[in-house]
Amino acid sequence: MATYKNIKGFEIQYLDSDPTTSNIGQVWYNSTTKTLKGTTAGGAPSATWASGGNLNQARQQITGCGIQTAALAVAGEGPTYSALSESYNGTSWTEGNDLNQARAFATALGLQTAALVVGGYDGGATYGLVESYNGTSYTEVNDLNTARNSSASSGIQTAGLVFGGGPPAGGLTEEFDGTNWTESGDLNTGRRLLAGAGTQTASLAFGGTLDPGTSQSVTEEYDGTSWTEVADLNTARQALGGGGTQTDALAFGGHSPNLTNTESWNGTSWTEVAEMATGRRELGGCGATGSLDLAFGGNSGSVSNATEEWTAPDISIKTVTTS
């Protein structure tokens, strides 16, 4: 019978504790726990949420963009409609210059120092207003063709995409080239309070709600021209957070009720992974991949200033068998 040494050319290590460092594919026997263990690639299925620095101002109906260690949180409501802008450095939030127009239910795209804040609502008006951020201050640029709130977005400041929103819930998609907005192919399922990830030519839209308010699990992919329905979320939800790319995304939070559920997208299907510490809706979210995301603000029964960081290890230790 073939042994591990015959196959791999070396024997299984016999250790009294797990190694502090290891490589993918390494196998050892832990004599203390009497378990055979090995390492595999990490990634989102091995990730967990951890507390980050609190926002300076608790807000719901907030939006944001950027990456986990260089994020932007803008607008929202708490207790009044807010123009506040805060930057995150991976540890704490710092207040910067305000938006020109206070609002909630806006959407943001791009990077911490090169962002767009699009649309929104202030209790009396729905905006087509777009503001560009350079890392210091906000400047108004060309409006959306159709004013709306509760949209989702993806892309960067000079190649952005905004889709969905309302009222009423719609599927309208607009592309931004750094100067002008151009209408493109509509979502197959028009909805608002959805989330998005990706780039202008490779986006993902997931979740949301129809009017009068049924939560959706629908997921659609955008190829730069049109949207195609793909595999649904496991848990239908609206007012959720999200981040990542078209092939590596994360969906988290939302309602109803306030959800802790987190799902990882691998380009084909959604998988339920570790839950958030606190269920909340109307939160902000961002992330460069589905393994490094940030969740902030929202409503967990009251308006929240909490931040949670989603981080996946490069390597994951697995128990092969026990005796």
- Note on the structure: Once THR158 and ASN188 are pulled to full extension, the length gained, defined as 0.36 nm per residue separation minus their Cα-Cα distance, is 8.3 nm
- Query: Per the 1.4 Å probe, what fraction of the accessible area of the chain, in percent, lies on carbon and sulfur atoms?
  - Reply: 48 percent
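Could you tell me the calculated FRET efficiency between GLU229 and ASN56, based on Cβ-Cβ distance and R0 = 45 angstrom, to the nearest 0.05?
After rounding, the FRET efficiency stands at 0.65.
Counting Lys and Arg as +1 and Asp and Glu as -1, each charge on the Cβ, what is the dipole of the chain about the Cα centre in debye, to the nearest 20?
That gives a dipole near 940 debye.
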- Item | Charge dipole (the chain, unit charges on Cβ, about Cα centre) - positive-most of PHE206, THR225, GLY279 | GLY279
- Towards the positive end of the charge dipole of the chain, with charges on Cβ (+1 Lys, Arg; -1 Asp, Glu), say which of LEU55, PHE176, ILE156 has the farthest Cα. LEU55
- Query: What is the Cα centroid distance between segment 72-144 and segment 264-313, reported in whole angstrom?
  - Reply: 20 Å
- Message: From the convex hull of the Cα coordinates of segment 89-227, what is the mean projected area in square nanometres?
- Response: 8.3 nm²
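Taking only protein heavy atoms and a 1.4 Å probe, what accessible area per residue, in Å², does the chain have with all protein chains in place?
For the chain, the solvent-accessible area averages 41 Å² per residue.
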- Message: Just to confirm a number: summing +1 for Lys and Arg and -1 for Asp and Glu over residues other than ALA75 whose beta-carbon lies under 12 angstrom from that of ALA75, what do you get?
- Response: -4
- Summing -39500 (n - 2.57) over every DSSP H run of at least 4 residues in the chain and dividing by its residue count gives a helix-only mean residue ellipticity at 222 nm, to the nearest 500 deg cm²/dmol, of -500 deg cm²/dmol
- Which length gain, in nm to one decimal place, applies between THR136 and ASP177 when the Cα-Cα distance is subtracted from 0.36 nm times their residue separation? 12.6 nm
- Query: Within a Cβ distance under 12 Å of PHE206, other residues only, what is the Lys/Arg minus Asp/Glu net charge?
  - Reply: -3
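The values are calculated or read from the model by the stated rules, or taken from the named source; none is laboratory data. Since the model is a prediction, treat every value here as computed from it, not as a measurement. Heads up, the Cβs are rebuilt from the backbone with ideal geometry, glycines too, and the neighbour counts pull from every protein chain shown. Each accessible area value is taken on the protein alone, full model and side chains, heavy atoms only, with ligands, DNA and RNA left out. Shrake-Rupley method; radii C 1.70, N 1.55, O 1.52, S 1.80 Å.
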